[in-house]
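This report refers to the structure that appears directly beneath it.
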There are 2 protein chains.
Amino acid sequence: MRSRDELRTFYHSYIDCLNGQNWSGLARFVSEIVTHNGRFLGIDGYREMLENDYRRIPDLRFEVEVLATEPPYIAARLRFNCSPQDGFLGLDFNGRSVSFCEHVFYEISGGQITSVHSIIDKAAIESQLL
Amino acid sequence: MRSRDELRTFYHSYIDCLNGQNWSGLARFVSEIVTHNGRFLGIDGYREMLENDYRRIPDLRFEVEVLATEPPYIAARLRFNCSPQDGFLGLDFNGRSVSFCEHVFYEISGGQITSVHSIIDKAAIESQLL
């Protein structure tokens with residue numbers, strides 16, 4: 001998977017997989033040795049992280065706002081409009097909906113995601129809960 | 001400026017400009033109508049923001065850890081190893097050095113940066129101040 005177009009197609013299919021909560025299909029996209037913010041998770045730990053996200057945010061949906069692909073990297077600005085349960089990021093939501101972004105860099109190797117570096121805009125969430 | 005290589009060269013020159021605090025050269029890279037996280041700053045406001053960053057972090061230095069360019073976008077994972085003064089991001093540093101990242105998406109139009117969306121990993125900083 002070397003071209004920019006291949007990475008774009010790959011990434012949109014990955015996002016469809018997440019939005020469909022199609023966990024049995026996750027291994028098509030995510031490596032067995034994947035790390036997340038420098039921590040080894042592996043495919044099982046990665047799936048657990050995502051399942052946990054959906055438990056904390058039942059209306060979670062990934063929207064790609066900006067995508068920049070340059071092999072071996074994919075960079076995405078993701079937008080979320082959702083209603084997390086209390087405790088997500090250590091915050092109290094009291095049923096409120098929030099809109100926030102996540103900026104993520106993925107490294108692709110052997111046709112799969114091997115490394116994810118993600119930053120969530122927690123300050124933007126906090127400002128909506130004031 | 002349409003090719004990936006042109007964007008890479010442009011971006012590294014921009015980072016050199018910031019690290020050199022060469023504010024008189026900033027207009028080569030940044031548009032008069034630049035926005036930052038959705039807020040209009042213009043070139044003067046952008047320069048003020050950067051000068052303020054250097055006041056708060058005298059040993060500030062931008063290091064590009066990951067770069068993904070896809071016209072019209074540049075995405076960068078920036079690394080900072082520095083000693084901010086108390087008050088940066090509302091935190092007390094007490095002279096401590098921290099290491100953290102910023103994930104930034106830039107939109108380029110007419111050969112200049114017209115839009116910046118940035119998220120700083122505040123949680124990583126907070127965990128180093130515990």
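The values are calculated or read from the model by the stated rules, or taken from the named source; none is laboratory data. For clarity, every value in this text was computed on a predicted model and none was experimentally measured. All Cβ positions, even for glycine, are placed from backbone atoms using ideal geometry, and neighbour counts span all protein chains on display. Just the protein is used for accessible areas: all its heavy atoms, side chains included, with ligands, DNA and RNA removed. Shrake-Rupley method; radii C 1.70, N 1.55, O 1.52, S 1.80 Å.
Overview of results
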item: Rg in Å to one decimal, and Dmax rounded to a whole Å, for chain A via C-alpha atoms; result: 14.8, 45
item: Estimated distance in nm for a label pair at A:R28 and A:R56, the labels positioned 7 Å out from Cα along Cα-to-Cβ; result: 2.8
item: Rg/Rg_ref, the range B:72-130, where Rg_ref = 2.2 N^0.38 Å and atoms are Cα; result: 1.36
item: Accessible area in the full protein assembly, largest first, 1.4 Å probe, for A:V98, B:V64; result: B:V64, A:V98
item: Accessible area (Å², per residue) of the protein assembly as shown, counting only protein heavy atoms and a probe of 1.4 Å; result: 48
item: Chains A and B together, accessible area buried on both sides, 1.4 angstrom probe, square angstrom; result: 2000
item: Separation in nanometres of the label points that stand 7 Å from Cα toward Cβ, at B:S83 and A:D92; result: 3.9
item: Positions from the range B:57-98 whose accessible area shrinks by 30 Å² or more when the full protein complex is built, not the chain alone, probe 1.4 Å; result: B:V66, B:A68, B:E70, B:Y73, B:R77
item: Backbone HN-Hα couplings from phi across the range B:106-113 [Karplus 6.51/-1.76/1.60, Hz, Gly and Pro as x]; result: 10, 10, 10, 9, x, x, 9, 6
item: Inter-site label distance for A:N19 and B:F40 at 7 Å from Cα along Cβ, in nm; result: 3.3
item: Contour excess over end-to-end distance, with Cα ends at B:Q128 and B:R8 and 0.36 nm allotted per residue; result: 40.0 nm
item: DSSP bridge pairs, chain B: antiparallel proportion in percent, nearest 5; result: 90
item: Trypsin sites (Lys or Arg not before Pro) lying in DSSP loop within the range B:1-42, provided at most 15 other Cβ fall within 10 Å; result: B:R2
